[in-house]
Amino acid sequence: MIWPTPPRIRAVTVGEGLAVLVARPGPLEDSPVFERTAGGAEVNVATVLTQLGIGTAWISRVGRDGFGRYLIRHLNERGIDTSAVHVDPDRPTGMYVKERGGGSALPTDLAAGMSRMLYYRTGSAASALSPEDLTADVLEHCELIHFTGVTTALSPSATALTDAILALPRRGRVISFDLNYRPALWIRRDDAAADILARQVRAADVALLGADEALEVFGTGDPTRLREMFPQPRHLVVKNSAHSVTGFLGEDRCETPALRLRVTEAIGAGDAFAGGYLAALLQGRPHEQLLRYGHLCAAAALTGTSDVAELPPVPTLESCAAATPSAWAALRYPPGVAEAS
């Protein structure tokens, strides 16, 4: 039998993958069963990249347990290279429970459509990530390395890892950093989150910031002020929730409105945006289309129920991304997205 040739690895994401247990809508204590799936910022980005035809590998650590084996299998089935994932014999795979609102009047229920994540990742296998994990062969010829502030926050050794990524010689390679600020992860750290995260934004080639999290960490969510604070990244992207995204590419500034849609769940939208933006960047698309690909992939996450965005066919995305300004402004996701040209 002749097996298909695996795609060339162009992108590598580095960070923790999580087993996810999704509860039934309603109070968590009343959920008799849970749906198992996978999550984690860098896992979500890798999954979007592969859907857009970008050969992608994931560097991480998982436990020698069923959840770790599940994560590796889950990603392999989606075409992601896991050859650089280390299996830790002592530490467990991280996980979280997703609580979903049922909209009842019960005091422990969330509103319908709302969700809450309960993390169980202290002492996880991925918290042992360190610069030693950068010896992986998949890094040799890749064009892009992506990680987030979640990875940085996991432990001092993980911060050392992300600092080492940013210190790698570029040789035409792009290093991407998504702020992804999670206050709960920094509670156990003695060092200052703002100082570490600012250092990593400045050292990246692509920096993606949510306006709300930038306000919390850096004291402002204003794109102009953030560009003044962080002139170093060639690409600086400021996501203003449901309204618009401001992208800086060198001295060029581009403001792109979000698509009209009905939000099902917001979890994973930022990761999907990053995956779309980075895939379009590797495909050599113009600045405005980088932002539009980000919006389109984020819309797929916002209108789905999984952390991982399930994207429309690539020709549909290409058509939408190339739409005229008036056609883009009129797009509604979905189903009108398929009618754009």
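The values are calculated or read from the model by the stated rules, or taken from the named source; none is laboratory data. Quick caveat: nothing in here was measured; it's all calculated off a predicted structure. Don't worry about glycine lacking a Cβ; one is built from the backbone with ideal geometry, like all the others, and counts go over all protein chains shown.
Restricting attention to the range 116-126, does a residue exist that is in a loop (DSSP other than H, G, I, E, B), farther than 15 Å from Leu18 by Cβ and under 18 Å from the mean Cα position of the chain (by Cα)?
No, the range 116-126 contains no residue that is in a loop (DSSP other than H, G, I, E, B), farther than 15 Å from Leu18 by Cβ and under 18 Å from the mean Cα position of the chain (by Cα).
Taking the condition polar (S, T, N, Q) and surrounded by 16 or more Cβ atoms within 10 Å (Cβ to Cβ), does Ser326 pass?
No, not satisfied.
Yes or no: Gln200 surrounded by fewer than 14 Cβ atoms within 10 Å (Cβ to Cβ) and among the polar types (S, T, N, Q)?
No; evaluated as a whole, the condition is false for this residue.
This table checks each residue for (1) closer than 24 Å to Tyr119 by Cβ; (2) part of a helix (DSSP H, G or I); (3) touching a helix residue (DSSP H, G or I) at 6+ places or on another chain (Cβ under 7 Å).
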| site | (1), (2), (3) |
| --- | --- |
| Val138 | no, yes, no |
| Cys142 | no, no, no |
| His146 | yes, no, yes |
| Phe177 | yes, no, yes |
| Asn180 | yes, no, yes |
| Ala194 | yes, yes, yes |
| Asp212 | yes, yes, no |
| Val217 | yes, yes, yes |
| Arg225 | no, yes, no |
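All but one of (1) in contact with an Asp or Glu (Cβ under 9 Å, 6 or more places away or on another chain); (2) surrounded by 19 or more Cβ atoms within 10 Å (Cβ to Cβ); (3) touching a residue at least 40 places away in the same chain (Cβ under 8 Å) hold for Leu71; which doesn't?
Among (1) in contact with an Asp or Glu (Cβ under 9 Å, 6 or more places away or on another chain); (2) surrounded by 19 or more Cβ atoms within 10 Å (Cβ to Cβ); (3) touching a residue at least 40 places away in the same chain (Cβ under 8 Å), Leu71 violates only (1).
May I ask you to list the residues in the range 197-208 that are out of contact with any Leu (no Cβ under 8 Å at 6 or more places or on another chain) and closer than 17 Å to Thr220 by Cα?
Ala198, Arg199, Arg202
Could you list all residues from the range 303-341 that are assigned to a loop (DSSP other than H, G, I, E, B) and either at pLDDT below 70 or among the small types (Gly, Ala, Ser) (or both)?
Within the range 303-341, Gly304, Thr305, Ser306, Asp307, Ala309, Ala322, Ala323, Pro335, Ala340, Ser341 meet the criteria.
For the range 279-302, enumerate the residues that are charged (D, E, K, R) and not in a helix (DSSP H, G or I).
Matches in the range 279-302: Arg285 only.
A quick yes/no check of all residues on (1) closer than 24 Å to Pro334 by Cα; (2) out of contact with any Asp or Glu (no Cβ under 8 Å at 6 or more places or on another chain); (3) at pLDDT 95 or above; (4) not polar (S, T, N, Q):
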| position | (1), (2), (3), (4) |
| --- | --- |
| Leu179 | no, no, yes, yes |
| Arg182 | no, yes, no, yes |
| Leu197 | no, yes, yes, yes |
| Phe230 | no, yes, yes, yes |
| Leu249 | no, yes, yes, yes |
| Leu261 | yes, yes, no, yes |
| Gly284 | no, yes, yes, yes |
| Tyr293 | yes, yes, yes, yes |
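Among the residues of the range 104-115 satisfying the criterion of being surrounded by fewer than 18 Cβ atoms within 10 Å (Cβ to Cβ) and either free of Cβ contacts under 8 Å to residues at least 40 places away in the same chain or in a helix (DSSP H, G or I) (or both), which is nearest to the chain's Cα centre (by Cα)?
Looking at residues that are surrounded by fewer than 18 Cβ atoms within 10 Å (Cβ to Cβ) and either free of Cβ contacts under 8 Å to residues at least 40 places away in the same chain or in a helix (DSSP H, G or I) (or both), I get Met114.
Which number in (1) surrounded by fewer than 19 Cβ atoms within 10 Å (Cβ to Cβ); (2) among the aromatic types (Phe, Trp, Tyr); (3) free of Cβ contacts under 8 Å to residues at least 40 places away in the same chain marks the one condition that Tyr181 misses?
Looking at each condition in turn, Tyr181 falls short on (1).
List pairs: first in the range 249-263 and under 16 Å from Ala298 (Cα atoms), second at pLDDT 95 or above and charged (D, E, K, R), Cβ under 7 Å, 6+ apart or cross-chain?
Thr256/Glu288; Thr256/Arg292
Residue check, Leu134 against (1) touching a helix residue (DSSP H, G or I) at 6+ places or on another chain (Cβ under 8 Å); (2) over 27 Å from His235 (Cα atoms), all met but one. Which one?
With respect to (1) touching a helix residue (DSSP H, G or I) at 6+ places or on another chain (Cβ under 8 Å); (2) over 27 Å from His235 (Cα atoms), Leu134 is out only on (2).
If a residue has to be in a strand (DSSP E or B), buried (at least 21 other Cβ atoms within 10 Å of the Cβ) and either touching a Leu at 6+ places or on another chain (Cβ under 7 Å) or of a type in the set (Gly, Ala, Ser) (or both) to count, how many in the range 20-44 make the cut?
Going through the range 20-44 one residue at a time, the tally reaches 3.
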